[in-house]
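Encoded as structure tokens, the structure appears first; notes follow it.
The values are calculated or read from the model by the stated rules, or taken from the named source; none is laboratory data. Quick caveat, the model's predicted, so the values are computed rather than measured. FYI the Cβ positions are ideal-geometry reconstructions off the backbone, even for glycines, and counts take in every protein chain you see. Side chains included, ligands, DNA and RNA excluded: accessible areas come from the protein's heavy atoms. Shrake-Rupley method; radii C 1.70, N 1.55, O 1.52, S 1.80 Å.
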Amino acid sequence: MVPPHPPQEPTVPSKPDTAAEASTQRVIKKYPNRRLYDTKTSTYITLSEVRQLVMANPPFVVRDAKTNEDLTRSILLQIILEEEAGGAPMFSEAVLANIIRFYGHAMQGFMGVYLEKNIQAFTDMQAKLGEQSKHLTPEAWRQFAGSQAPLVQGAMSNYIEQSTALFTQMQEQMQKQTEQMLGAFGLKR
């Protein structure tokens, strides 16, 4: 049962995964009543405030208050669900269905890595464009964007090339693993 007022931090901290984690990660505790407690600010917070933390990018972890189980992925998925339901979804039904189809599939592990690397490449491209245009006024931005169409097209082209290379690499890894597995059973391709 959660106390009526915010709990006091224990004098003996709960065991983090590593000593570095204890000093760098912000800890959010999730109580059985679904409330989230930020141990840094000693206040209860909402899922929306956790989303703000994600946007601000400090390292944090969400832990079950009783078991100390890491619930971070679960909370991040809840945030995605709320964002998807909130008006302008990022994922189409077809994309979601295809992601679901990869669960339990031999390519599941590769798909996660592929998506992660693609999102990182896209984020890097966005950061470069943002850095190039951060001091521009709205009018200067329109002129910049108009004159930079070839640059943007080049950046997108580079992104597509990276994505294609990642996909090719993923296919080659799967082929090697399949050949190794068949070889272990005495079968040759």
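Residues are listed down the side, and each one gets a yes or a no for (1) in contact with a Ser or Thr (Cβ under 8 Å, 6 or more places away or on another chain); (2) closer than 30 Å to Pro32 by Cα; (3) open to solvent by less than 70 Å² (accessible area, probe 1.4 Å):
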| residue | (1), (2), (3) |
| --- | --- |
| Asn57 | no, yes, no |
| Phe60 | yes, yes, yes |
| Ser74 | no, yes, yes |
| Gly87 | no, yes, yes |
| Val95 | no, no, yes |
| Phe102 | no, no, yes |
| His105 | no, no, no |
| Phe110 | no, no, yes |
Say whether the condition of being over 29 Å from Leu166 (Cα atoms), part of a loop (DSSP other than H, G, I, E, B) and polar (S, T, N, Q) is met by at least one residue in region 56-78. yes
Which numbered condition in (1) modelled with pLDDT under 80; (2) among the aliphatic types (A, V, I, L, M); (3) open to solvent by less than 100 Å² (accessible area, probe 1.4 Å); (4) assigned to a helix (DSSP H, G or I) is the only one that Met181 fails? (3)
Of the numbered conditions (1) under 24 Å from Gly112 (Cα atoms); (2) in a strand (DSSP E or B), Tyr44 satisfies every one except a single condition; which is it? (1)
Could you please tell me which pairs satisfy a Cβ distance under 8 Å, a separation of 6+ or placement on different chains, a first residue in region 90-119 that is β-branched (Val, Ile, Thr), and a second residue that is assigned to a helix (DSSP H, G or I)? Ile99/Met111; Val113/Met170
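Residues checked against (1) under 15 Å from the mean Cα position of the chain (by Cα); (2) more than 30 Å from Gln171 (Cα to Cα):
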site: Val27; (1), (2): no, yes
site: Leu47; (1), (2): no, yes
site: Asn57; (1), (2): yes, yes
site: Val61; (1), (2): yes, yes
site: Asp64; (1), (2): no, yes
site: Ala85; (1), (2): no, yes
site: Leu96; (1), (2): no, no
site: Phe102; (1), (2): no, no
site: Ala106; (1), (2): no, no
